[in-house]
Structures are given as structure tokens and as C-alpha cells.
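Written below as C-alpha cells is the structure these notes are about.
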Amino acid sequence: MDYHDQLELSRQAFEELSEHFQANSYEGQAYRHLPGYRKSLEKGTVLVAGTVVRGFPKVPRCLVLDEGITQHFESPIAVEEKLNGYNVRVARTDDEIFGFTRSGLICPFTTHKVRSMLRLESFFEAHPEMMLCGEMIGPENPYTSAECYDVDSIAFRAFDIRNQTSGEPLAVEKRREICEEWEIPQTELFGIYEPTEAVEATPQIIRELDSDRREGIVMQTADGGQQLKYTTSAANQGDLAFAFEFPFDYGRDFSFRRLIREGFQSAEFEESDARRRERAHGLGESLLEPMAEAIERIKAGERIGEQHTVRAVPRVVEALLEHFRDQGLCIDIEADRRLEGERLVTFTKQIQRTNDKIEAYLDGTIVKE
């Protein structure tokens, strides 16, 4: 089938969208990916070797559990953990298995890791039309890093199985059965609830996840067709601390959304004055401390950026670094050593705008407001 047929678009509609796809290649395999959302197509949709790999859909968010759950769901819902890592789709095309990032790029590091960690050949032999969707978590991670999980290096956790071409999900129970059958690690299921039961159960789940500095929950109908997410205060404040380390590179919308989440959560959970002050204290620290430290480091002559550590066979690490450089990122190697035949590298992705802006203001540039 032609791409437009697989995407259920007219030829003309597909041609109009084609100009937004970006060409790329991986180890001689040419492909095109959609870096942003366009009409009926999800961000990250890929055209490769005559087949379509659909992007992962946006999951809506609620700010208030009580009203959000009852307004969004009418039938029983599964409540699973939302993990703090990076979104990956694993798909087989032309007998090759690839790991695609959220934007649709084939990542050499992710591809190597999922091939080595999971029973993918047998999974795809049994389910050739499906793609495996999951989160890569752990401290040795080239995109995000959270050390709240019992993971030494990096790990994969499945949270969805979808039709590769249409993007239609499997039912939650079926998906979890398949993952168990093929020994694919998956996100924790907290339970199946009626909507009114979920309203009662989810605040305590959130509190427990928050105490462990974890991300939040994803709620979905039994067929996987409707989803809703909600995050912890720890996740909100962690995001803010990250953003304010690079205050001129992360937009106001990014910060404002997370501040709003904190306000709604505090109100819905009917916090005492003491608990609200504690939240406010943590919120203030997440804003001021990383920003002040960034200014002090640049004042001392440092260049700041996002630091990551990865471990893999040497050729894969080098391919990952080249992958980032090909995207126009400036990479500084901080540490590089061998460990049991693998290359363990700590590197920094330079964050240009924040470095330049802070340097300029330290040199006396006037702020025009």
C-alpha cells in the first residue's frame, strides 16, 4: 500500500503534508519523520521502507482529579504509573527493529538498548503489525535522568502496544498479558476502578508516588481508547528546577503550566496552612536555587548545559554522540572510560541561549521590559 492509503488520507492531502516531513537516515536506512503535529497526524509519525510508524498521541491532562475523572470517563479505568524518562516506540520495518524517539528519529543508542534488553524478534514474529510503546528510565540516559527508580543503568518499561500503521491501542488487559508472555517489563498497574472509585483512590496513590519523588499516573479506559494523566508535586517542581537552571531556553508557558498544576493540587488536596507553606517553600527553592547557581557558575567562567551519562559498546556511544551533533547540538565530553568492555561517557549538551544571555547581563546589558 502507498503511504497515503496506510494513513487513510487522500493522495492530495498526503502530498500537502509531505512537505512537513524531514528526511533522515540510519545505517543506510532512509526514512522521513514528522517533527510536529499536523492535522490528523501525530508528531513523530515515520515513513520508512514502505511502511508507516504512527506517532504516539498526546495524552490530555487534568488539573483536578475529582472533576477530571468523572467528566472524562464513564466506564471502568485502569490506573498505571507514569514514568519519568523518554518516550520510545519500538517497531519492525523491512525485518529491522528500530527504537524511535517521540519526534520520530531513530536513536542509535535506544535501538541498541531495546534490541539487547528485550525478546523483540519473537515478539514481532507473533505480532508483526504492532509496535511496542514504552519509557526508557534510569540514570544512564541520554535525554532525561531520574534516580528514583531501582535501575542501575537504563531500563525499558512498556506502557502501550499499538497497531503500527493505524495507532490503535490494544486493550489494557490484553496488552499486559502479551507483555507478561514475552517477558517485557511494564509499568505498574495500581488497579481497575469505576470512575467514582478512582476519585477516592487516586489522591492517595499520588501522595505515595510524590513521597518517592516519582512522576504520576496515567488513567485509561479498558480498551485503551481514552487516556488522562496527572502528575505529582515532585514532578512539577523537578521540571521547574530543570527549567530555571536554563531560564532563557525554556519558555514561560513551560513554567507557568507547572506552577498552575501546583496551585490546583494544593487546593484540591485541601492542604493545611503548614503543608501549603511547605509546598510553597519547595516551589521557591525549585525556582531560585538552580537559577542563582547557574548565574554563579557562568560568572566563574563555566559553560552550563544538560549533563547525561550513557553506557554501551563503544560504536553505539560514538553513534549517539554523532546523532546529537548531526542535530546541531554542541557536545562536551566530561568523562570517558571503559568498563567491562563498554564505554561509559558523561557528556554535556550545551545550552547556548542561557549561557549567552546570562553572560550579557553580567556584562551590564540593559534589560528592556
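The values are calculated or read from the model by the stated rules, or taken from the named source; none is laboratory data. The shown structure was predicted, so the numbers you read here are calculated from the model rather than taken from an experiment. Note that we place each Cβ from the backbone using ideal geometry, even for glycine, and neighbour counts take in every protein chain shown.
Observations
- Selection status of Leu329, outside any helix (DSSP H, G or I), within 21 Å of the chain's Cα centre (by Cα), among the hydrophobic types (A, V, I, L, M, F, W, C) and surrounded by 15 or more Cβ atoms within 10 Å (Cβ to Cβ): yes
- A single member of Ala335, Ala300, Ala294 is surrounded by 18 or more Cβ atoms within 10 Å (Cβ to Cβ) and over 14 Å from Pro108 (Cβ atoms), and it is Ala294.
- Test: residue in segment 151-174 that is surrounded by fewer than 21 Cβ atoms within 10 Å (Cβ to Cβ), among the hydroxyl-bearing types (Ser, Thr, Tyr) and assigned to a helix (DSSP H, G or I): no
Yes or no, residue by residue, for (1) at pLDDT 95 or above; (2) of a type in the set (Gly, Ala, Ser); (3) touching a helix residue (DSSP H, G or I) at 6+ places or on another chain (Cβ under 6 Å):
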| site | (1), (2), (3) |
| --- | --- |
| Val199 | yes, no, yes |
| Thr202 | yes, no, yes |
| Leu228 | yes, no, yes |
| Asn236 | yes, no, yes |
| Arg252 | no, no, no |
| Glu268 | yes, no, no |
| Glu285 | yes, no, no |
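- For segment 356-364, the count of residues that are outside any helix (DSSP H, G or I), within 18 Å of Ile295 (Cα to Cα) and not assigned by TED's automatic domain parsing to the domain that holds Asn24 is nonzero.
- A single entry from Ile260, Ile217, Ile205, Ile192 fulfils the requirement of being touching a residue at least 12 places away in the same chain (Cβ under 8 Å), surrounded by fewer than 15 Cβ atoms within 10 Å (Cβ to Cβ), farther than 30 Å from Gln352 by Cα and of a type in the set (A, V, I, L, M): Ile192.
- Of all the numbered requirements in (1) acidic (Asp, Glu); (2) closer than 26 Å to Val313 by Cβ; (3) outside any loop (DSSP other than H, G, I, E, B), Glu140 misses one, and that requirement is (3).
- Against the conditions (1) hydroxyl-bearing (Ser, Thr, Tyr); (2) surrounded by 15 or more Cβ atoms within 10 Å (Cβ to Cβ); (3) over 30 Å from Phe256 (Cα atoms), Thr45 satisfies every one except (3).
- Counting the residues of segment 332-355 that are within 29 Å of Met291 (Cβ to Cβ) and part of a loop (DSSP other than H, G, I, E, B) gives 1.
- Any hit, segment 101-121, residues being in contact with a Gly (Cβ under 9 Å, 6 or more places away or on another chain) and either without any contact (Cβ under 8 Å) to a residue 12 or more places away in the chain or in a strand (DSSP E or B) (or both): yes
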